[in-house]
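Single-structure report; data block below.
The values are calculated or read from the model by the stated rules, or taken from the named source; none is laboratory data. Keep in mind the model is a prediction, meaning the values are calculated, not measured. Cβ: placed from backbone, ideal geometry, glycine included. Neighbour counts: every protein chain shown.
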Amino acid sequence: MIEVLRPGPLTTVQDGGRHGLAHLGVPAAGPADWLSHALANRLVGNADGAAALEITLTGPTLRCGRDVALAVVGAAVAVDGSAAPSGRTLFVRAGQRIAIGRTVGARGYAAVAGGFTVPVTLGSRSTDTLSGLGPTPLASGDVLSVSTMDTPERMLHALPRSDVVRVVPGPRGDWVEVGAFFGATFTVTPDSDRVGVRLDGPRIARSRTGELPTEGMVAGAIQVPPDGRPILLLANHAATGGYPVLGVVARADLPTAGQLRPGGAVRFAPIDRDAAVRAYADLRLRMDRAVRPGRAAG
Amino acid sequence: MRFLDVGEAGLLAETASQDAAHRVWRAIRNAQIPGVVDAVAGARTVLVTFDPLYDVRQRVRDVAVRAPAVESDSGRDIDIPVTYDGPDLDASAIQTGLSTVEVAHRHSERTYNVAFLGFSPGFAYLTGIDAALRLPRRETPRTAVPAGSVAIAGEYTAVYPQRTPGGWHVIGHTDLAVFDPDRDPPALLAPGDRVRFVPR
């Protein structure tokens with residue numbers, strides 16, 4: 001839905017490249033200036049390797065079929081005849097003409113939010129000018145499809161919404177009767193805030209006497225004061241504390257903890273450290289895919 | 001030295017003494033390990049936090065166990081001017097069985113060590129208090145202790161840097177800004193420094 005009115009001398013689609021096939025004689029292709037390409041993509045919220053246009057010497061003139069966010073790096077640009085800044089995110093309305101002019105160096109890059117969804121060949125959307133693989137260079141009359149930016153909404157629907165919060169046990173589980181904690185149902189009390197969530201439920205007794213010397217605290221730490229009513233520390237906790245911490249909420253589940261409302265019920269399940277790291281890494285990957293579309297070809 | 005995992009983004013080093021905690025804390029800060037977010041000294045511990053996607057625990061352990069056994073003196077000497085006019089001075093005198101003059105004298109004649117900071121920005125726990133001045137915390141904490149309040153509780157004395165709730169016995173005040181976010185460094189005191197209270 002981006003119509004090519006004039007193609008420019010050589011404008012091609014380039015994504016991160018066609019990697020892993022060099023042993024078959026397949027060139028990687030991709031942008032000649034990976035930095036400018038990545039910056040143009042970042043300006044519109046795309047992953048660095050999203051499919052964008054590589055412009056040679058003089059750019060194309062395009063018309064948008066719908067409202068888009070667009071950025072041009074390394075070339076002059078005008079929208080409906082008025083000069084617009086390059087190196088900035090531009091919000092272009094449906095029907096407007098984008099004329100990309102002279103490049104500063106040999107090449108410039110134009111990225112749109114979502115990335116161009118031209119066909120994928122051998123895992124990449126890049127035009128290979130040496131071998132001919134991939135899409136042909138832009139020609140007048142071409143209509144380029146752009147990915148729709150609905151993936152942030154999809155991610156929002158996929159946000160973890162659970163009444164079970166996973167906790168990495170320790171470091172002071174040997175100070176309290178941990179068995180009473182995991183699996184029990186707790187209610188969030190009204191005096192909870194962004195410093196900590198105060199939990200009502202079974203009292204967690206100490207299993208040893210004495211006072212714990214003050215030590216550093218982390219967000220997600222579940223500390224047990226003398227009255228046995230656990231406190232789940234949130235982002236604004238104090239740097240140190242003297243109550244034993246029986247476990248720490250897995251970082252992947254901290255968002256759930258931060259959304260606990262007074263009156264809400266919550267239960268806790270143990271998770272080992274390695275599984276917690278994997279859960280966090282998976283979540284980060286999903287975030288990147290959702291909010292920076294164009295990352296994975298296809 | 002024992003090391004305990006704290007969630008997937010923290011490692012707690014347990015030390016034999018407060019001094020050892022300081023040495024390990026300094027060694028970790030000086031090592032500037034990539035991926036490490038913060039190092040917090042406690043009374044007998046150092047908590048190191050890091051990005052969980054980069055497992056730097058082994059590097060942290062290596063630096064911690066190689067911290068010097070004895071440290072060349074790297075703390076500073078800080079004087080804090082104080083006026084002994086706190087709302088709990090009389091009550092402290094009664095509870096310790098000393099006169100108010102004696103409480104003030106015993107407090108100001110000692111040199112204190114900064115054990116660690118916590119509770120609030122710039123709040124330094126100072127050790128070395130005269131045994132005769134050891135009092136448990138107040139039964140009922142105050143909802144607001146003025147900034148600059150000089151207080152005692154248990155084995156510690158401290159200056160409240162901001163107006164906050166507090167359960168310690170306030171025996172005096174200082175006009176010195178113990179924490180100023182526009183200053184570099186913002187906190188007057190750091191672990192390992194030595195402090196004297198100088199009566200006005």
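Observations, loosely collected:
- Flag if residue B:48 is at the interface with chain A (Cβ under 8 Å from one of its Cβ atoms), of a type in the set (Val, Ile, Thr), at negative phi and in contact (Cβ under 8 Å) with a residue 24 or more places away in the chain: no
Conditions tested, residue by residue: (1) of a type in the set (S, T, N, Q); (2) under 21 Å from residue B:99 (Cα atoms); (3) at pLDDT 95 or above.
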residue: B:139; (1), (2), (3): no, no, no
residue: B:144; (1), (2), (3): no, no, no
residue: B:151; (1), (2), (3): no, yes, yes
residue: B:160; (1), (2), (3): no, no, yes
residue: B:171; (1), (2), (3): no, yes, yes
residue: B:177; (1), (2), (3): no, no, yes
residue: B:184; (1), (2), (3): no, no, no
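- Selection status of residue A:41, touching a strand residue (DSSP E or B) at 6+ places or on another chain (Cβ under 8 Å), in a helix (DSSP H, G or I) and farther than 22 Å from residue A:141 by Cα: yes
- Candidate set from region A:171-195 (those that are modelled with pLDDT under 95 and within 14 Å of another protein chain (Cβ to nearest Cβ)); member that is surrounded by the fewest Cβ atoms within 10 Å (Cβ to Cβ): A:191
- Qualifying residues in region A:248-263 (those that are surrounded by 19 or more Cβ atoms within 10 Å (Cβ to Cβ) and in a helix (DSSP H, G or I)) - the one farthest from the other protein chains (Cβ to nearest Cβ): A:256
- Of residues in region A:206-219 being loosely packed, with under 13 Cβ neighbours inside 10 Å and either at pLDDT below 90 or within 15 Å of residue A:247 (Cα to Cα) (or both), the one nearest to the other protein chains (Cβ to nearest Cβ): A:211
- Residue satisfying all of: in region A:85-101; assigned to a strand (DSSP E or B) and touching a Gly at 6+ places or on another chain (Cβ under 8 Å); surrounded by the most Cβ atoms within 10 Å (Cβ to Cβ) among these: A:100
- Residue A:267 meets the conditions (1) touching a Gly at 6+ places or on another chain (Cβ under 7 Å); (2) modelled with pLDDT under 95 in every case but one. The failed one is (2).
- Filter result for residue A:288 (more than 9 Å from chain B (Cβ to nearest Cβ), in a helix (DSSP H, G or I) and surrounded by fewer than 16 Cβ atoms within 10 Å (Cβ to Cβ)): yes
- Every residue from region A:170-218 that is acidic (Asp, Glu) and under 24 Å from residue B:17 (Cα atoms): A:174, A:211, A:215
Rundown of residues vs (1) aliphatic (A, V, I, L, M); (2) more than 15 Å from residue B:85 (Cβ to Cβ); (3) surrounded by fewer than 19 Cβ atoms within 10 Å (Cβ to Cβ), yes/no style:
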| residue | (1), (2), (3) |
| --- | --- |
| B:151 | yes, no, no |
| B:154 | no, yes, yes |
| B:159 | yes, no, no |
| B:166 | no, yes, no |
| B:175 | no, no, yes |
| B:179 | no, yes, no |
| B:183 | no, yes, yes |
| B:197 | no, no, no |
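- In region A:220-244, the qualifying residues are those that are under 19 Å from residue A:280 (Cβ atoms) and buried (at least 22 other Cβ atoms within 10 Å of the Cβ), and the one that is nearest to the other protein chains (Cβ to nearest Cβ) is A:220.
- Residue that is nearest to residue B:135 (Cα to Cα) [pool: residues in region B:76-102 that are charged (D, E, K, R) and surrounded by 14 or more Cβ atoms within 10 Å (Cβ to Cβ)]: B:88
- Residue match in region A:8-19 (condition: hydroxyl-bearing (Ser, Thr, Tyr), in contact (Cβ under 8 Å) with a residue 24 or more places away in the chain and closer than 21 Å to residue A:132 by Cβ): yes
- Region B:26-45, residues that are more than 14 Å from chain A (Cβ to nearest Cβ) and without any contact (Cβ under 8 Å) to a residue 60 or more places away in the chain: B:27, B:30, B:31, B:32, B:33, B:34
- Identification of strands (runs of 3 or more DSSP E) wholly contained in region B:92-200 with 3 or more residues that are farther than 26 Å from residue B:39 by Cβ, without any contact (Cβ under 8 Å) to a residue 40 or more places away in the chain and touching a Gly at 6+ places or on another chain (Cβ under 9 Å) yields B:142-145.
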